[in-house]
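Let me give you the structure first, and then I'll get to my questions.
The values are calculated or read from the model by the stated rules, or taken from the named source; none is laboratory data. The structure presented is a predicted model; accordingly, all values stated were derived computationally and were not measured. Here the Cβ positions follow ideal geometry from the backbone for every residue, glycine too, while neighbour counts run over all protein chains shown.
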Amino acid sequence: MTSRLVVVSNRIGDPRKAAAGGLAVALGDALSESGGLWFGWSGKVVAGGARGEGDLHLQPSGKVTLATLDLGSDDHAAYYAGYSNRVLWPVFHYRLDLAQFDDGYFEGYQRVNRLFARKLSTLLKPDDIIWVHDYHLIPLAAELRALGCRQRIGFFLHIPMPPPLVMAAIPAHDMLMRSLFAYDLIGLQSEADVAHFARYVEMEAGAERLGRDQYRAFGQQVCARAFPIGIDVDEFQALAQTPESIETRETLRSQYPLRQLLIGVDRLDYSKGLPQRLRAFHRLLADYPENRNSATLIQVATPTREGVESYEDIRRELEGLSGQINGEYGELDWMPVRYIHRTLARRRLPGLYRAGRVALVTPLRDGMNLVAKEFVAAQDAADPGVLVLSRFAGAAEQMRAALLVNPYDIGATAGAVQRALRMPLSERVERHQALLAGVREHDVHRWRREFLQALQAAERAPG
Ligand code: ADP
(Lines give C-alpha, C1' and ligand atoms only; values in the text may rest on other atoms or scores of the structure.)
Protein backbone atom coordinates (compact mmCIF):
# COMPACT_ATOMS: atom_id res chain seq x y z
CA MET A 1 0.00 0.00 0.00
CA THR A 2 1.43 3.40 -0.90
CA SER A 3 -0.95 5.62 1.09
CA ARG A 4 -0.29 6.30 4.73
CA LEU A 5 -2.69 4.52 7.07
CA VAL A 6 -4.37 6.52 9.84
CA VAL A 7 -6.15 4.49 12.53
CA VAL A 8 -8.60 6.26 14.82
CA SER A 9 -10.05 4.66 17.95
CA ASN A 10 -11.26 5.83 21.33
CA ARG A 11 -8.27 4.29 23.10
CA ILE A 12 -5.02 3.68 21.33
CA GLY A 13 -2.94 0.56 21.87
CA ASP A 14 0.82 0.83 21.82
CA PRO A 15 1.80 -2.11 19.59
CA ARG A 16 5.25 -2.27 21.23
CA LYS A 17 3.94 -2.83 24.75
CA ALA A 18 4.27 -6.38 26.04
CA ALA A 19 0.62 -6.42 27.13
CA ALA A 20 -0.64 -5.50 23.65
CA GLY A 21 -3.33 -7.89 22.42
CA GLY A 22 -3.77 -9.28 18.91
CA LEU A 23 -5.69 -6.24 17.66
CA ALA A 24 -2.98 -3.76 18.69
CA VAL A 25 -0.35 -6.02 17.15
CA ALA A 26 -2.25 -6.39 13.85
CA LEU A 27 -3.03 -2.70 13.54
CA GLY A 28 0.54 -1.90 14.60
CA ASP A 29 1.84 -4.10 11.74
CA ALA A 30 -0.39 -2.34 9.23
CA LEU A 31 0.63 1.08 10.57
CA SER A 32 4.34 0.21 10.52
CA GLU A 33 4.12 -0.88 6.87
CA SER A 34 2.86 2.54 5.85
CA GLY A 35 4.61 4.65 8.49
CA GLY A 36 1.19 5.44 9.92
CA LEU A 37 -0.58 7.49 12.53
CA TRP A 38 -2.75 6.18 15.40
CA PHE A 39 -5.10 8.83 16.77
CA GLY A 40 -7.25 8.59 19.90
CA TRP A 41 -8.04 9.72 23.41
CA SER A 42 -4.96 9.85 25.68
CA GLY A 43 -6.77 8.22 28.60
CA LYS A 44 -6.33 11.49 30.50
CA VAL A 45 -9.28 13.51 31.79
CA VAL A 46 -8.48 17.11 32.64
CA ALA A 47 -10.54 19.37 34.87
CA GLY A 48 -12.93 21.55 32.97
CA GLY A 49 -16.48 21.62 31.80
CA ALA A 50 -17.95 20.92 28.40
CA ARG A 51 -15.12 22.49 26.49
CA GLY A 52 -14.98 20.67 23.18
CA GLU A 53 -11.24 21.34 23.46
CA GLY A 54 -8.23 19.21 24.33
CA ASP A 55 -4.44 19.20 24.13
CA LEU A 56 -2.91 17.04 21.40
CA HIS A 57 0.27 15.03 22.05
CA LEU A 58 2.41 13.47 19.34
CA GLN A 59 4.72 10.65 20.28
CA PRO A 60 6.75 8.37 18.00
CA SER A 61 6.58 4.62 18.64
CA GLY A 62 8.84 2.87 16.13
CA LYS A 63 7.60 3.75 12.66
CA VAL A 64 4.21 4.78 14.01
CA THR A 65 3.20 8.14 15.43
CA LEU A 66 0.77 8.01 18.34
CA ALA A 67 -1.40 11.14 18.44
CA THR A 68 -3.45 11.48 21.60
CA LEU A 69 -5.93 13.98 22.87
CA ASP A 70 -6.83 14.82 26.48
CA LEU A 71 -10.53 15.33 27.19
CA GLY A 72 -12.27 17.69 29.59
CA SER A 73 -14.13 15.98 32.42
CA ASP A 74 -17.65 16.95 31.29
CA ASP A 75 -16.90 16.10 27.68
CA HIS A 76 -15.52 12.73 28.69
CA ALA A 77 -18.42 11.96 31.03
CA ALA A 78 -21.05 12.71 28.37
CA TYR A 79 -19.25 11.14 25.41
CA TYR A 80 -17.78 8.04 27.03
CA ALA A 81 -19.57 7.03 30.23
CA GLY A 82 -22.75 8.69 28.91
CA TYR A 83 -23.59 8.20 25.27
CA SER A 84 -21.10 5.42 24.40
CA ASN A 85 -21.63 3.24 27.46
CA ARG A 86 -25.13 4.14 28.65
CA VAL A 87 -26.82 4.37 25.24
CA LEU A 88 -24.93 2.76 22.36
CA TRP A 89 -23.43 -0.22 24.21
CA PRO A 90 -26.68 -1.41 25.81
CA VAL A 91 -28.90 -0.75 22.77
CA PHE A 92 -26.50 -2.38 20.31
CA HIS A 93 -26.47 -5.40 22.67
CA TYR A 94 -30.31 -5.43 22.67
CA ARG A 95 -30.59 -4.10 26.25
CA LEU A 96 -33.09 -1.28 25.78
CA ASP A 97 -34.04 -1.70 29.44
CA LEU A 98 -30.58 -0.47 30.48
CA ALA A 99 -30.33 2.49 28.10
CA GLN A 100 -30.41 5.99 29.56
CA PHE A 101 -31.40 8.46 26.87
CA ASP A 102 -30.24 11.89 27.91
CA ASP A 103 -29.91 14.83 25.52
CA GLY A 104 -26.73 15.95 27.30
CA TYR A 105 -25.04 12.65 26.49
CA PHE A 106 -25.77 12.99 22.78
CA GLU A 107 -24.55 16.59 22.74
CA GLY A 108 -21.30 15.51 24.43
CA TYR A 109 -20.89 12.66 21.93
CA GLN A 110 -21.24 15.04 19.01
CA ARG A 111 -18.96 17.62 20.64
CA VAL A 112 -16.15 15.11 21.17
CA ASN A 113 -16.51 13.66 17.67
CA ARG A 114 -16.29 17.20 16.29
CA LEU A 115 -13.18 17.83 18.43
CA PHE A 116 -11.57 14.59 17.19
CA ALA A 117 -12.31 15.63 13.60
CA ARG A 118 -10.91 19.13 14.06
CA LYS A 119 -7.66 17.94 15.65
CA LEU A 120 -7.21 15.00 13.30
CA SER A 121 -7.83 17.09 10.17
CA THR A 122 -4.75 19.20 10.97
CA LEU A 123 -2.58 16.05 10.80
CA LEU A 124 -3.95 14.55 7.57
CA LYS A 125 -2.26 14.32 4.18
CA PRO A 126 -4.34 14.27 0.98
CA ASP A 127 -3.75 10.63 0.08
CA ASP A 128 -4.07 9.17 3.59
CA ILE A 129 -6.41 6.26 4.10
CA ILE A 130 -8.35 6.49 7.36
CA TRP A 131 -9.72 3.58 9.39
CA VAL A 132 -12.10 4.52 12.22
CA HIS A 133 -12.93 1.98 14.94
CA ASP A 134 -16.09 1.37 16.88
CA TYR A 135 -19.21 2.88 18.28
CA HIS A 136 -17.58 5.78 20.09
CA LEU A 137 -16.79 7.40 16.74
CA ILE A 138 -19.73 6.76 14.40
CA PRO A 139 -20.13 10.45 13.38
CA LEU A 140 -16.41 11.04 12.82
CA ALA A 141 -16.39 10.73 9.02
CA ALA A 142 -19.36 13.09 8.69
CA GLU A 143 -17.50 15.64 10.85
CA LEU A 144 -14.32 15.21 8.78
CA ARG A 145 -16.28 15.63 5.54
CA ALA A 146 -17.81 18.83 6.91
CA LEU A 147 -14.24 20.13 7.30
CA GLY A 148 -13.52 19.32 3.67
CA CYS A 149 -11.64 16.01 4.10
CA ARG A 150 -11.90 13.95 0.93
CA GLN A 151 -9.70 10.99 1.90
CA ARG A 152 -11.00 7.43 1.86
CA ILE A 153 -12.53 6.65 5.26
CA GLY A 154 -13.57 3.22 6.49
CA PHE A 155 -15.43 2.28 9.67
CA PHE A 156 -15.40 -1.00 11.57
CA LEU A 157 -18.04 -1.71 14.18
CA HIS A 158 -16.66 -4.14 16.74
CA ILE A 159 -20.01 -4.65 18.47
CA PRO A 160 -23.28 -6.01 17.02
CA MET A 161 -25.55 -4.02 14.69
CA PRO A 162 -29.01 -4.36 16.24
CA PRO A 163 -32.20 -5.09 14.27
CA PRO A 164 -33.94 -2.00 12.88
CA LEU A 165 -36.71 -1.77 15.48
CA VAL A 166 -34.17 -1.94 18.32
CA MET A 167 -31.99 0.69 16.64
CA ALA A 168 -35.08 2.87 16.12
CA ALA A 169 -35.49 3.22 19.90
CA ILE A 170 -32.49 5.56 19.99
CA PRO A 171 -33.87 9.10 19.70
CA ALA A 172 -31.10 10.16 17.30
CA HIS A 173 -30.98 6.89 15.34
CA ASP A 174 -31.56 8.56 11.99
CA MET A 175 -28.65 10.96 12.54
CA LEU A 176 -26.37 8.10 13.57
CA MET A 177 -27.27 5.97 10.57
CA ARG A 178 -27.11 8.93 8.20
CA SER A 179 -23.60 9.68 9.44
CA LEU A 180 -22.50 6.13 8.55
CA PHE A 181 -23.07 7.04 4.91
CA ALA A 182 -20.18 9.53 5.08
CA TYR A 183 -17.82 6.53 5.10
CA ASP A 184 -16.64 4.73 1.97
CA LEU A 185 -16.78 1.32 3.64
CA ILE A 186 -18.61 -0.06 6.69
CA GLY A 187 -17.22 -3.28 8.15
CA LEU A 188 -19.38 -5.41 10.44
CA GLN A 189 -18.55 -8.57 12.38
CA SER A 190 -21.09 -11.03 10.98
CA GLU A 191 -23.60 -11.69 8.21
CA ALA A 192 -26.37 -11.23 10.78
CA ASP A 193 -25.11 -7.68 11.42
CA VAL A 194 -25.03 -6.93 7.68
CA ALA A 195 -28.62 -8.19 7.36
CA HIS A 196 -29.69 -5.84 10.18
CA PHE A 197 -27.94 -2.91 8.54
CA ALA A 198 -29.54 -3.71 5.17
CA ARG A 199 -33.01 -3.99 6.71
CA TYR A 200 -32.59 -0.72 8.60
CA VAL A 201 -31.56 1.28 5.56
CA GLU A 202 -34.29 -0.27 3.43
CA MET A 203 -37.07 0.18 6.03
CA GLU A 204 -36.13 3.44 7.67
CA ALA A 205 -34.17 5.30 5.00
CA GLY A 206 -35.73 3.97 1.78
CA ALA A 207 -32.27 2.95 0.61
CA GLU A 208 -31.63 1.52 -2.77
CA ARG A 209 -29.51 -1.62 -2.95
CA LEU A 210 -26.99 -1.25 -5.76
CA GLY A 211 -25.47 -4.69 -6.11
CA ARG A 212 -24.54 -7.05 -3.29
CA ASP A 213 -22.70 -4.74 -0.89
CA GLN A 214 -23.62 -1.25 -2.09
CA TYR A 215 -26.32 0.91 -0.55
CA ARG A 216 -27.54 4.32 -1.60
CA ALA A 217 -29.40 6.54 0.88
CA PHE A 218 -29.32 10.11 2.21
CA GLY A 219 -27.93 11.14 -1.21
CA GLN A 220 -24.77 9.08 -0.57
CA GLN A 221 -23.41 5.65 -1.37
CA VAL A 222 -21.65 3.20 0.92
CA CYS A 223 -20.35 -0.35 0.83
CA ALA A 224 -21.22 -2.55 3.85
CA ARG A 225 -19.77 -6.05 4.37
CA ALA A 226 -18.88 -8.58 7.05
CA PHE A 227 -15.22 -8.84 8.07
CA PRO A 228 -15.17 -11.26 11.02
CA ILE A 229 -12.31 -10.33 13.31
CA GLY A 230 -9.90 -12.98 14.55
CA ILE A 231 -6.81 -13.39 16.72
CA ASP A 232 -3.11 -13.61 15.96
CA VAL A 233 -2.81 -17.38 16.33
CA ASP A 234 0.99 -17.53 16.23
CA GLU A 235 1.33 -14.73 18.77
CA PHE A 236 -1.12 -16.50 21.08
CA GLN A 237 0.55 -19.88 20.68
CA ALA A 238 3.91 -18.27 21.43
CA LEU A 239 2.39 -16.85 24.62
CA ALA A 240 1.45 -20.40 25.57
CA GLN A 241 5.17 -21.22 25.72
CA THR A 242 6.04 -18.48 28.23
CA PRO A 243 7.12 -19.66 31.71
CA GLU A 244 4.11 -17.87 33.26
CA SER A 245 1.71 -19.73 31.00
CA ILE A 246 3.32 -23.11 31.62
CA GLU A 247 3.42 -22.47 35.36
CA THR A 248 -0.26 -21.54 35.40
CA ARG A 249 -1.20 -24.74 33.62
CA GLU A 250 1.00 -26.92 35.83
CA THR A 251 -0.30 -25.36 39.03
CA LEU A 252 -3.92 -25.83 37.99
CA ARG A 253 -3.31 -29.38 36.80
CA SER A 254 -1.69 -30.36 40.09
CA GLN A 255 -4.47 -28.73 42.09
CA TYR A 256 -7.15 -30.37 39.95
CA PRO A 257 -5.72 -33.74 38.91
CA LEU A 258 -9.09 -34.94 37.58
CA ARG A 259 -9.01 -32.01 35.15
CA GLN A 260 -12.69 -31.29 35.24
CA LEU A 261 -12.10 -27.56 35.03
CA LEU A 262 -14.61 -25.27 33.42
CA ILE A 263 -13.15 -21.93 32.40
CA GLY A 264 -14.80 -18.54 31.93
CA VAL A 265 -12.80 -15.42 30.99
CA ASP A 266 -14.67 -12.18 30.40
CA ARG A 267 -14.96 -8.53 31.13
CA LEU A 268 -17.56 -8.17 33.86
CA ASP A 269 -20.28 -7.01 31.48
CA TYR A 270 -24.02 -7.70 31.41
CA SER A 271 -23.73 -8.76 27.76
CA LYS A 272 -21.56 -11.74 28.72
CA GLY A 273 -24.37 -13.80 30.28
CA LEU A 274 -22.47 -14.43 33.52
CA PRO A 275 -25.46 -14.93 35.87
CA GLN A 276 -27.03 -17.34 33.37
CA ARG A 277 -23.67 -19.18 33.19
CA LEU A 278 -23.52 -19.57 36.97
CA ARG A 279 -27.13 -20.77 37.01
CA ALA A 280 -26.31 -23.34 34.32
CA PHE A 281 -23.37 -24.54 36.44
CA HIS A 282 -25.67 -24.77 39.46
CA ARG A 283 -28.08 -26.83 37.34
CA LEU A 284 -25.22 -29.09 36.24
CA LEU A 285 -24.43 -29.90 39.87
CA ALA A 286 -28.10 -30.38 40.70
CA ASP A 287 -29.08 -32.54 37.70
CA TYR A 288 -25.85 -34.50 37.19
CA PRO A 289 -24.60 -35.26 40.72
CA GLU A 290 -21.56 -37.16 39.45
CA ASN A 291 -19.97 -33.72 38.87
CA ARG A 292 -20.11 -32.80 42.56
CA ASN A 293 -16.66 -32.88 44.11
CA SER A 294 -15.02 -32.82 40.66
CA ALA A 295 -16.28 -30.11 38.29
CA THR A 296 -14.95 -26.68 39.22
CA LEU A 297 -15.79 -23.44 37.47
CA ILE A 298 -12.97 -20.88 37.38
CA GLN A 299 -14.51 -17.59 36.32
CA VAL A 300 -12.17 -14.65 35.83
CA ALA A 301 -14.02 -11.38 35.30
CA THR A 302 -12.14 -8.16 34.59
CA PRO A 303 -13.55 -5.08 36.31
CA THR A 304 -14.75 -2.63 33.69
CA ARG A 305 -16.69 0.65 33.46
CA GLU A 306 -16.88 0.94 37.22
CA GLY A 307 -19.20 3.75 38.21
CA VAL A 308 -21.83 2.83 35.60
CA GLU A 309 -24.74 1.52 37.74
CA SER A 310 -25.62 -1.55 35.65
CA TYR A 311 -22.04 -2.79 36.12
CA GLU A 312 -22.29 -2.47 39.91
CA ASP A 313 -25.54 -4.47 39.79
CA ILE A 314 -24.06 -7.33 37.79
CA ARG A 315 -21.07 -7.49 40.12
CA ARG A 316 -23.31 -7.85 43.19
CA GLU A 317 -25.46 -10.46 41.46
CA LEU A 318 -22.43 -12.60 40.57
CA GLU A 319 -20.95 -12.42 44.03
CA GLY A 320 -24.33 -13.52 45.42
CA LEU A 321 -24.71 -16.41 42.99
CA SER A 322 -21.21 -17.80 43.45
CA GLY A 323 -21.57 -17.59 47.24
CA GLN A 324 -24.89 -19.41 46.99
CA ILE A 325 -23.49 -22.27 44.85
CA ASN A 326 -20.43 -22.64 47.10
CA GLY A 327 -22.61 -22.63 50.21
CA GLU A 328 -24.98 -25.23 48.81
CA TYR A 329 -22.52 -27.67 47.22
CA GLY A 330 -19.07 -26.83 48.64
CA GLU A 331 -17.16 -29.34 50.77
CA LEU A 332 -14.24 -28.84 53.14
CA ASP A 333 -11.87 -29.79 50.32
CA TRP A 334 -13.77 -28.56 47.24
CA MET A 335 -15.28 -25.22 46.23
CA PRO A 336 -17.38 -25.48 43.06
CA VAL A 337 -16.90 -21.87 41.93
CA ARG A 338 -13.72 -19.85 41.97
CA TYR A 339 -14.81 -16.39 41.06
CA ILE A 340 -11.98 -13.92 40.54
CA HIS A 341 -12.87 -10.29 39.96
CA ARG A 342 -9.59 -9.32 38.34
CA THR A 343 -7.70 -9.13 35.06
CA LEU A 344 -5.42 -12.06 34.51
CA ALA A 345 -1.97 -11.26 33.06
CA ARG A 346 -2.14 -11.96 29.33
CA ARG A 347 0.87 -14.25 29.57
CA ARG A 348 -1.03 -16.55 31.94
CA LEU A 349 -4.17 -16.80 29.82
CA PRO A 350 -3.11 -19.65 27.48
CA GLY A 351 -2.10 -21.71 30.54
CA LEU A 352 -5.53 -21.19 32.09
CA TYR A 353 -7.28 -22.09 28.83
CA ARG A 354 -5.16 -25.20 28.42
CA ALA A 355 -5.89 -26.43 31.91
CA GLY A 356 -9.62 -26.30 31.12
CA ARG A 357 -11.62 -29.29 29.99
CA VAL A 358 -14.45 -26.97 28.93
CA ALA A 359 -14.64 -23.25 28.09
CA LEU A 360 -17.93 -21.52 28.79
CA VAL A 361 -18.31 -18.67 26.31
CA THR A 362 -21.98 -17.88 26.73
CA PRO A 363 -22.71 -14.20 26.03
CA LEU A 364 -26.31 -13.09 25.59
CA ARG A 365 -25.04 -10.97 22.71
CA ASP A 366 -21.51 -10.36 21.47
CA GLY A 367 -20.08 -8.80 18.31
CA MET A 368 -17.56 -11.62 17.88
CA ASN A 369 -15.96 -12.90 21.13
CA LEU A 370 -12.23 -13.48 20.95
CA VAL A 371 -12.04 -15.61 24.10
CA ALA A 372 -13.65 -18.45 22.09
CA LYS A 373 -10.88 -18.21 19.49
CA GLU A 374 -8.09 -17.87 22.08
CA PHE A 375 -9.34 -20.97 23.91
CA VAL A 376 -9.16 -23.02 20.71
CA ALA A 377 -5.70 -21.71 19.80
CA ALA A 378 -4.34 -22.55 23.27
CA GLN A 379 -5.39 -26.22 23.34
CA ASP A 380 -3.15 -29.25 23.14
CA ALA A 381 -4.24 -30.77 19.79
CA ALA A 382 -3.75 -34.30 21.13
CA ASP A 383 -6.02 -33.78 24.15
CA PRO A 384 -8.08 -30.66 23.56
CA GLY A 385 -10.80 -29.09 25.70
CA VAL A 386 -14.34 -28.47 24.44
CA LEU A 387 -15.84 -25.10 23.57
CA VAL A 388 -19.41 -24.40 24.70
CA LEU A 389 -20.40 -21.31 22.73
CA SER A 390 -23.47 -19.11 22.72
CA ARG A 391 -25.30 -18.97 19.41
CA PHE A 392 -25.63 -15.22 20.06
CA ALA A 393 -21.88 -14.55 19.76
CA GLY A 394 -20.76 -13.40 16.30
CA ALA A 395 -18.14 -16.18 16.52
CA ALA A 396 -20.93 -18.79 16.28
CA GLU A 397 -21.31 -18.03 12.54
CA GLN A 398 -17.87 -19.53 11.92
CA MET A 399 -17.37 -21.88 14.89
CA ARG A 400 -20.02 -24.45 14.02
CA ALA A 401 -17.94 -27.29 15.47
CA ALA A 402 -18.38 -25.89 19.00
CA LEU A 403 -21.29 -27.05 21.17
CA LEU A 404 -23.65 -24.18 20.41
CA VAL A 405 -26.11 -23.20 23.15
CA ASN A 406 -28.89 -20.76 23.90
CA PRO A 407 -27.59 -19.19 27.14
CA TYR A 408 -31.11 -18.20 28.22
CA ASP A 409 -32.01 -21.89 28.33
CA ILE A 410 -30.34 -22.87 31.61
CA GLY A 411 -31.27 -26.57 31.47
CA ALA A 412 -30.07 -27.00 27.89
CA THR A 413 -26.81 -25.18 28.66
CA ALA A 414 -26.23 -27.47 31.66
CA GLY A 415 -26.91 -30.44 29.35
CA ALA A 416 -24.35 -29.18 26.83
CA VAL A 417 -21.74 -28.76 29.60
CA GLN A 418 -22.44 -32.32 30.75
CA ARG A 419 -21.98 -33.53 27.18
CA ALA A 420 -18.70 -31.56 26.92
CA LEU A 421 -17.40 -33.09 30.16
CA ARG A 422 -18.19 -36.60 28.92
CA MET A 423 -17.10 -36.14 25.30
CA PRO A 424 -14.82 -38.94 24.03
CA LEU A 425 -11.30 -38.00 22.98
CA SER A 426 -11.90 -38.76 19.29
CA GLU A 427 -14.82 -36.32 19.10
CA ARG A 428 -12.89 -33.65 21.02
CA VAL A 429 -9.97 -33.96 18.60
CA GLU A 430 -12.22 -33.84 15.54
CA ARG A 431 -14.11 -30.77 16.72
CA HIS A 432 -10.91 -29.03 17.78
CA GLN A 433 -9.26 -29.63 14.39
CA ALA A 434 -12.22 -28.07 12.59
CA LEU A 435 -12.30 -25.11 14.98
CA LEU A 436 -8.56 -24.47 14.85
CA ALA A 437 -8.56 -24.55 11.03
CA GLY A 438 -11.26 -21.84 11.05
CA VAL A 439 -9.50 -19.73 13.68
CA ARG A 440 -6.31 -19.89 11.60
CA GLU A 441 -8.07 -19.12 8.34
CA HIS A 442 -9.95 -16.12 9.70
CA ASP A 443 -7.14 -14.60 11.74
CA VAL A 444 -6.63 -10.95 12.62
CA HIS A 445 -4.14 -10.40 9.79
CA ARG A 446 -6.61 -11.57 7.16
CA TRP A 447 -9.24 -9.35 8.76
CA ARG A 448 -7.18 -6.18 8.47
CA ARG A 449 -5.83 -7.09 5.00
CA GLU A 450 -9.29 -7.72 3.59
CA PHE A 451 -10.75 -4.62 5.20
CA LEU A 452 -7.99 -2.37 3.87
CA GLN A 453 -8.14 -3.92 0.39
CA ALA A 454 -11.90 -3.37 0.30
CA LEU A 455 -11.44 0.20 1.48
CA GLN A 456 -8.88 0.87 -1.26
CA ALA A 457 -11.26 -0.64 -3.80
CA ALA A 458 -14.49 0.94 -2.49
CA GLU A 459 -16.51 2.66 -5.18
CA ARG A 460 -16.87 6.29 -4.31
CA ALA A 461 -19.96 8.32 -4.87
CA PRO A 462 -19.37 11.09 -7.38
CA GLY A 463 -19.03 14.65 -6.09
P1 ADP B 1 -14.81 -7.78 24.71
O2 ADP B 1 -14.06 -7.05 23.62
O3 ADP B 1 -16.28 -7.51 24.74
O4 ADP B 1 -14.21 -7.64 26.06
P5 ADP B 1 -13.71 -10.23 23.50
O6 ADP B 1 -13.90 -11.65 23.91
O7 ADP B 1 -13.88 -10.00 22.04
O8 ADP B 1 -14.72 -9.35 24.37
O9 ADP B 1 -12.23 -9.75 23.87
C10 ADP B 1 -11.82 -9.77 25.18
C11 ADP B 1 -10.28 -9.75 25.25
O12 ADP B 1 -9.91 -9.38 26.56
C13 ADP B 1 -9.66 -11.11 24.96
O14 ADP B 1 -8.44 -10.94 24.29
C15 ADP B 1 -9.45 -11.68 26.36
O16 ADP B 1 -8.34 -12.55 26.46
C17 ADP B 1 -9.23 -10.45 27.20
N18 ADP B 1 -9.82 -10.66 28.55
C19 ADP B 1 -11.13 -10.68 28.86
N20 ADP B 1 -11.31 -10.92 30.17
C21 ADP B 1 -10.09 -11.04 30.71
C22 ADP B 1 -9.62 -11.31 32.04
N23 ADP B 1 -10.48 -11.50 33.06
N24 ADP B 1 -8.30 -11.36 32.22
C25 ADP B 1 -7.44 -11.19 31.18
N26 ADP B 1 -7.83 -10.94 29.91
C27 ADP B 1 -9.13 -10.86 29.67
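Outside the structural domain of residue 377 (by TED's automatic domain parsing), assigned to a helix (DSSP H, G or I), small (Gly, Ala, Ser) and farther than 30 Å from residue 295 by Cβ: which single residue out of 195, 238, 182, 224 fits that description?
195
Failed condition for residue 52, given (1) of a type in the set (Gly, Ala, Ser); (2) touching a Phe, Trp or Tyr at 6+ places or on another chain (Cβ under 6 Å); (3) not in a strand (DSSP E or B), with all others met?
Unmet condition: (2).
Still on this structure, please answer the following. Going through 261, 284 one at a time, which residue ends up being crowded, with 21+ Cβ neighbours inside 10 Å, within 16 Å of the ligand (Cβ to nearest atom) and either of a type in the set (A, V, I, L, M) or over 30 Å from residue 437 (Cβ atoms) (or both)? Please lay out each step first, then the result.
Values: 284 fails: within 16 Å of the ligand (Cβ to nearest atom).
Being crowded, with 21+ Cβ neighbours inside 10 Å, within 16 Å of the ligand (Cβ to nearest atom) and either of a type in the set (A, V, I, L, M) or over 30 Å from residue 437 (Cβ atoms) (or both) holds for just one of 261, 284, which is 261.
Residue 266 versus (1) within 14 Å of the ligand (Cβ to nearest atom); (2) part of a helix (DSSP H, G or I): which is the lone unmet condition?
With (1) within 14 Å of the ligand (Cβ to nearest atom); (2) part of a helix (DSSP H, G or I) applied to residue 266, the lone miss is (2).
Continuing with this model, one more query. Just checking: which of the helices (runs of 4 or more DSSP H) contained wholly in the stretch 74-169 hold 2 or more residues that are more than 16 Å from the ligand (Cβ to nearest atom) and of a type in the set (Gly, Ala, Ser)?
The qualifying helices (runs of 4 or more DSSP H) are 103-121, 140-146.
Let me ask something else about it. Would you mention how many residues in the stretch 203-243 are farther than 30 Å from residue 381 by Cβ and either within 14 Å of the ligand (Cβ to nearest atom) or of a type in the set (Val, Ile, Thr) (or both)? Before the answer, list the steps.
Here is the first cut: in the stretch 203-243, the ones farther than 30 Å from residue 381 by Cβ are 203-225.
Add one more test, that the residue is either within 14 Å of the ligand (Cβ to nearest atom) or of a type in the set (Val, Ile, Thr) (or both), and what stays is 222.
So the count comes out to 1.
Taking the stretch 331-343, which residues are within 13 Å of the ligand (Cβ to nearest atom) and buried (at least 19 other Cβ atoms within 10 Å of the Cβ)?
339
Whether any residue in the stretch 218-233 is of a type in the set (A, V, I, L, M) and over 30 Å from residue 171 (Cβ atoms) is what I want to check.
Within the stretch 218-233 (the criterion being of a type in the set (A, V, I, L, M) and over 30 Å from residue 171 (Cβ atoms)), the answer is yes, since at least one residue qualifies.
How many residues are surrounded by fewer than 22 Cβ atoms within 10 Å (Cβ to Cβ), near the ligand (Cβ under 9 Å from one of its atoms) and over 25 Å from residue 324 (Cβ atoms) when one looks only at the stretch 344-353?
3
Sticking with this structure for a sec: Tell me, which residue of the stretch 287-318 that is touching a residue at least 60 places away in the same chain (Cβ under 8 Å) and farther than 22 Å from residue 351 by Cβ is surrounded by the most Cβ atoms within 10 Å (Cβ to Cβ)?
Within the stretch 287-318, the match that is surrounded by the most Cβ atoms within 10 Å (Cβ to Cβ) is 291.
Restricting to the stretch 354-402, give me the number of residues that are polar (S, T, N, Q), part of a loop (DSSP other than H, G, I, E, B), more than 13 Å from the chain's Cα centre (by Cα) and within 13 Å of the ligand (Cβ to nearest atom).
The qualifying residues number 1.
When the stretch 269-311 is examined, which residues are found to be of a type in the set (Gly, Ala, Ser) and either assigned to a loop (DSSP other than H, G, I, E, B) or over 28 Å from the mean Cα position of the chain (by Cα) (or both)?
Hits for the stretch 269-311 are 273, 286, 294, 295, 307.
Consider the stretch 49-84. How many of its residues are touching a strand residue (DSSP E or B) at 6+ places or on another chain (Cβ under 7 Å), surrounded by fewer than 17 Cβ atoms within 10 Å (Cβ to Cβ) and of a type in the set (A, V, I, L, M, F, W, C)?
Here the count works out to 2.
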